[in-house]
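Enquirer: Got a structure for you, written out below as structure tokens; questions coming shortly.
Each value in this text was obtained by applying a stated rule to the coordinates, not by laboratory testing. The shown structure was predicted, so the numbers you read here are calculated from the model rather than taken from an experiment. No Cβ is skipped: glycine too gets one built from the backbone with ideal geometry, and neighbour counts run over all protein chains shown.
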Amino acid sequence: MISWQPFELTQGHSPLVISMPHSGTRLTSEVEQGLTLAASLLPDTDWHIPALYHMAQALGATCISANYSRYVIDLNRPLDDVPLYSTKTTGLFPDILFTDKPLFQPGKTPETAHREACKRQIWQPYHQAIAAQLARIRQLHGYAILLDAHSIASRVPMLFDGQLPDFNWGTNTGHSCADGLLQAAQNSVDQQHYSQVSNARFKGGYITRHYGRPQDNIHAIQLELGQDTYLQEQSYALSETKLVHIEAVITRLVQALIAWRPLAM
């Protein structure tokens, strides 16, 4: 019998919950045996995101990080797999890489029964955990803040033209959080060293759109961080030189989100 263990959870008592749905690298045997050679390197992973936010727990944030790769099931897509973007993207069960190359070898795509099990054993528990933690935090503070933490290669021609800005904020075009929360997040960024944009190519995925309900005192924001801000992109290894600067910004971001208060409740 498989022991799924779909996520890691640490509970904090500040208003902030941080979700990391694409940081996992675990594979099921059905997925692993079918991947192409290129896909077996897991190139579309949000590399080292839990390490990048390591200080968040000490600052009081609740952290939920996925254990399974998005190639098994994408936790930031709706269960019915309705597309979130009109432009090209990947779905609940990806079949292409961000390079637009096949994810699986011919005839080796996982079967329906395996995918249904992944919905039950990975997707649903992860989302139940988010919902439970947001409810707990709202009970403590009267409101809750959800940061959906992602990263992506700085150049992905299939998804966007040219080079991505460093910090890409998504608030479902303003519907998932109060304007002041986005402003607090943007103000934490050292604009002399990093570029940023909001609601451009990335407007927030399913997690941001589904849980962000300012009218119910739950505010959600997605950060898609350009990986060249902290990685040696060719090897996916952390860059110690870059970490000195980016960790300071991430620390300020977490502190700013925890300190933010809604104007009215």
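Enquirer: Can you give the FRET efficiency for Q215 and Q128, using 1/(1 + (r/R0)^6), R0 = 35 Å, r = Cβ-Cβ distance, to the nearest 0.05?
Expert: Computed FRET efficiency for Q215 and Q128 comes out at 0.95.
Enquirer: Can you compute the modelled spin-label distance between L37 and K119, with each label point 7 Å from Cα toward Cβ, in nm?
Expert: Each label point is offset 7 Å from its Cα along the Cβ direction, giving 3.5 nm.
Enquirer: Could I ask something else about it? Which of E233, E111 comes first, and how do the rest follow, when ranked by fewest Cβ neighbours within 10 Å?
Expert: E111, E233
Enquirer: Return V17, V72, V156 ranked ascending by Cβ neighbour count within 10 Å, so the fewest neighbours appear first.
Expert: Taking fewest neighbouring Cβ atoms as first place, the list is V156, V72, V17.
Enquirer: Based on the alpha-carbon gyration tensor of region 135-213 and its eigenvalue square roots a ≥ b ≥ c, which shape applies: rounded if a/c is under 1.5, prolate if not and a/b is larger than b/c, or oblate?
Expert: prolate
Enquirer: Find how much the distance from R155 to M55 grows on full extension, using 0.36 nm per residue of separation minus their present alpha carbon separation; answer in nm with one decimal.
Expert: Roughly 33.2 nm would be gained on extension.
Enquirer: Mind running the shape call on region 205-265? Use the C-alpha gyration tensor, a ≥ b ≥ c as the square roots of the eigenvalues: rounded below 1.5 for a/c, prolate if a/b tops b/c, oblate otherwise.
Expert: Here region 205-265 falls in the oblate category.
Enquirer: Taking a ≥ b ≥ c as the square roots of the Cα gyration tensor eigenvalues, with a/c under 1.5 meaning rounded and otherwise prolate when a/b beats b/c, else oblate, which class fits region 45-147?
Expert: Prolate, because a/c is 1.5 or more and a/b exceeds b/c.
Enquirer: Of all beta bridges DSSP finds with both residues in the chain, what is the antiparallel percent, to the nearest 5?
Expert: Given both bridge residues lie in the chain, the antiparallel proportion sits at roughly 40 percent.
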